[in-house]
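Scroll down for the structure; my scribbles are underneath it.
Every number in this text was worked out from the coordinates using simple rules, so none of it is lab data. No experiment lies behind these values; they were computed from the predicted model shown. Positions of Cβ are backbone-derived with ideal geometry, glycine not excepted, and every protein chain shown enters the neighbour counts.
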Amino acid sequence: MPSGKNLPPDTLSVPKKMRAVLLDRPGPPEVLRYAEVPTPVPAAGQVLVKAHTIGVSMPEILVRRGEYGWMPPLPAIPGIEMSGTVAALGEGVTSLGIGQAVFVSARELPVRAGCYAEYLAANAEALYPLPEGADLEAAAALSNYQVAWHLLHSAPNGMPYESVLVTGAGGGIGSAVVQLGKIAGKIMIGLTDTEEKASFVRSLGADGAIHAPGENVNRRVLEMTGGRGVDLILDSIGGTEFVSHFERLAPFGLVVTYGQLAGHPTGDVLGAMRRRMGDSLGLRMFSMHAFDHDRPRRRRATEELLRLLSAGKIKPAIWMRLPLSEAARAHRMIEEGKVLGKLVLKP
């Protein structure tokens with residue numbers, strides 16, 4: 001526990017022990033272990049954040065499986081995002097105050113982990129102060145919006161576009177893409193695997209939503225775009241359906257792949273592109289890790305999202321709230337494709 005020597009008196013209420021979710025080895029959801037561990041003590045230049053809400057996202061699921069390309073050293077406390085309040089200050093910290101609301105993104109931390117806990121210690125400069133009155137629960141969903149923002153504004157790399165087809169549109173990132181796309185004035189079409197999710201996507205303001213197993217996707221896309229196709233496809237699914245995207249593109253259109261929930265894309269992708277060579281189609285693989293060494297660009301995007309959140313222009317759809325002790329259940333529900341929007345944990 002902090003000694004109090006360099007800390008304000010009200011930090012003395014910080015407990016010596018906290019509850020956290022631990023990952024000792026990769027495996028199924030059951031390997032996540034809810035346990036009592038020492039509360040971290042903020043070093044010089046650090047602050048201690050008391051968690052309010054913890055987001056659940058695919059990166060920590062991939063970490064749990066042992067499949068993430070940027071694995072934290074194990075054992076670890078997983079988790080890439082948290083909202084909370086400053087509970088204690090390390091020596092020399094003057095930029096933040098006790099009780100101040102902050103957003104923690106593990107994209108600003110040394111490893112992509114640490115947020116499945118009641119408390120987290122981090123460098124003060126790594127945190128995002130939240131605007132006064134910001135919704136702490138909504139802020140815990142911002143990692144999805146970070147990806148969505150860059151999919152719409154960075155991945156096209158200056159390509160002009162008007163229409164977007166996003167797969168997995170009922171999920172955390174997909175629903176964020178729909179909201180941010182509408183803010184940017186784009187025609188947004190969501191692709192989902194159930195009619196329930198399609199209805200949810202329409203409720204977010206999408207111009208159209210397609211229930212893939214129940215509809216002819218190519219025909220519906222052409223109907224929605226006056227026979228032209230879409231300018232930009234953002235795909236998180238991959239698998240056998242991926243090759244069909246090149247039939248849905250408008251001339252000079254671009255497919256951006258940023259996930260492979262159904263496995264590696266299969267089929268003759270180059271052949272599909274070659275058949276439409278005269279339309280000059282494009283393909284790009286995107287990863288948020290493109291910004292690992294570009295801190296100013298990362299932070300500019302997140303600060304813009306905080307402004308939108310504060311103004312009420314983005315409203316993360318919180319589908320379910322579970323106690324931190326049920327992190328394994330949360331992982332299982334996401335892997336089973338049951339979640340609409342965002343699932344969060346409460347410490």
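Between the alpha-carbon centres of segment 37-111 and segment 151-218 there is a gap of 30 Å.
What number in nm² do you get for segment 288-347 if you take the convex hull of its Cα atoms and divide its surface by four? Its Cα hull, projected and averaged over all orientations, spans 5.7 nm².
Between residue 335 and residue 162, the modelled labels are 4.4 nm apart [label points 7 Å from Cα along Cα→Cβ]. Based on DSSP, what percent of beta bridges with both residues in the chain are antiparallel, to the nearest 5? Of those bridges, close to 55 percent are antiparallel. Using Cα pairs under 8 angstrom and six or more residues apart, how large is the relative contact order of segment 1-138, in percent? Rounded, it is 28 percent for segment 1-138. From the largest down, the chain spans 70, 39, 34 angstrom on the principal axes of its Cα atoms. Among 188, 277, 224, the largest mean-square fluctuation in a Gaussian network model of the chain (Cα springs under 10 Å) belongs to 277. With N as its number of residues, segment 82-179 has a Cα radius of gyration that, divided by 2.2 N^0.38 Å, comes to 1.28.
Of all segments of the chain bounded by GluC sites (Glu not before Pro) found in a DSSP loop with no more than 11 other C-beta atoms within 10 Å, the longest spans 133-335.
Taking a straight line from the alpha carbon of residue 16, these lysines sit under 29 Å away, with near neighbours fewer than eight places off in the same chain left out: 5, 50, 346. Residue-wise HN-Hα couplings along segment 309-319, as the Karplus relation 6.51 cos²θ - 1.76 cosθ + 1.60 with θ = phi - 60° gives them from phi, are 5, 5, 7, x, 7, 10, 9, x, 8, 7, 7 Hz; Gly and Pro carry x.
Taking amide H as placed 1.01 Å from N in the peptide plane, residue 22 has its amide H under 5 Å from the amide H of 33, 34, 35, each at least 5 places away in sequence or on another chain.
Stretched out straight at 0.36 nm per residue, the stretch from residue 132 to residue 346 would grow longer than its current Cα-Cα span by 74.9 nm.
With +1 on each Lys and Arg Cβ and -1 on each Asp and Glu Cβ, and nothing else charged, work out how big the dipole of the chain is about its Cα centre, in Debye to the nearest 20.
Details: 37 positive and 34 negative charges, 31 e Å.
Result for the chain is approximately 140 debye, rounded to the nearest 20.
How far, in nm, would the chain grow between residue 24 and residue 98 when pulled straight, counting 0.36 nm per residue and subtracting the alpha carbon separation? Let's see the in-between values first.
Values: separation 74, 0.36 × 74 = 26.64 nm, distance 3.26 nm.
The span from residue 24 to residue 98 would gain 23.4 nm if fully extended.
Considering only 324, 142, 308, the mean-square fluctuation computed in a Gaussian network model of the chain, springs between alpha carbons under 10 angstrom, is largest for 308.
Note the full-extension length gain between residue 16 and residue 304 as 0.36 nm times their separation in residues minus their Cα-Cα distance, in nm to one decimal. Intermediate results must be reported in sequence, preceding the final value.
Working: separation 288, 0.36 × 288 = 103.68 nm, distance 3.65 nm.
Additional length available on full extension: 100.0 nm.
Applying 1/(1 + (r/R0)^6) with R0 = 35 Å to the Cβ-Cβ distance of residue 218 and residue 290, what FRET efficiency is obtained, to the nearest 0.05? Working from the Cβ atoms, E equals 0.70. The GNM of the chain, with springs linking C-alpha atoms under 10 angstrom apart, assigns the highest mean-square fluctuation among 211, 289, 150 to 289. Each of 266, 130, 13 was placed along the dipole of the chain (beta-carbon charges, centred on the mean Cα), and the one lying farthest toward the positive end is 13. Here the spin labels are modelled as points 7 Å beyond Cα on the Cα-Cβ line, and at residue 153 and residue 33 they lie 4.2 nm apart.
From largest to smallest, the equivalent ellipsoid semi-axes obtained for segment 1-153 from the alpha-carbon gyration tensor read 25, 20, 13 Å. For segment 137-179, pairs of C-alpha atoms spaced more than 12 angstrom apart make up 60 percent of the total. For segment 68-77, backbone phi angles converted through the Karplus equation (6.51, -1.76, 1.60; θ = phi - 60°) give residue-by-residue couplings of 7, x, 10, 5, x, x, 9, x, 8, 9 Hz, Gly and Pro being listed as x. A simple spin-label model places pseudo-atoms 7 Å from Cα toward Cβ; at residue 74 and residue 321 they are separated by 3.2 nm. Putting +1 on Lys and Arg Cβ atoms and -1 on Asp and Glu Cβ atoms, find which of 55, 172, 236 reaches farthest to the positive end of the dipole of the chain. Checked the options; the winner is 55.
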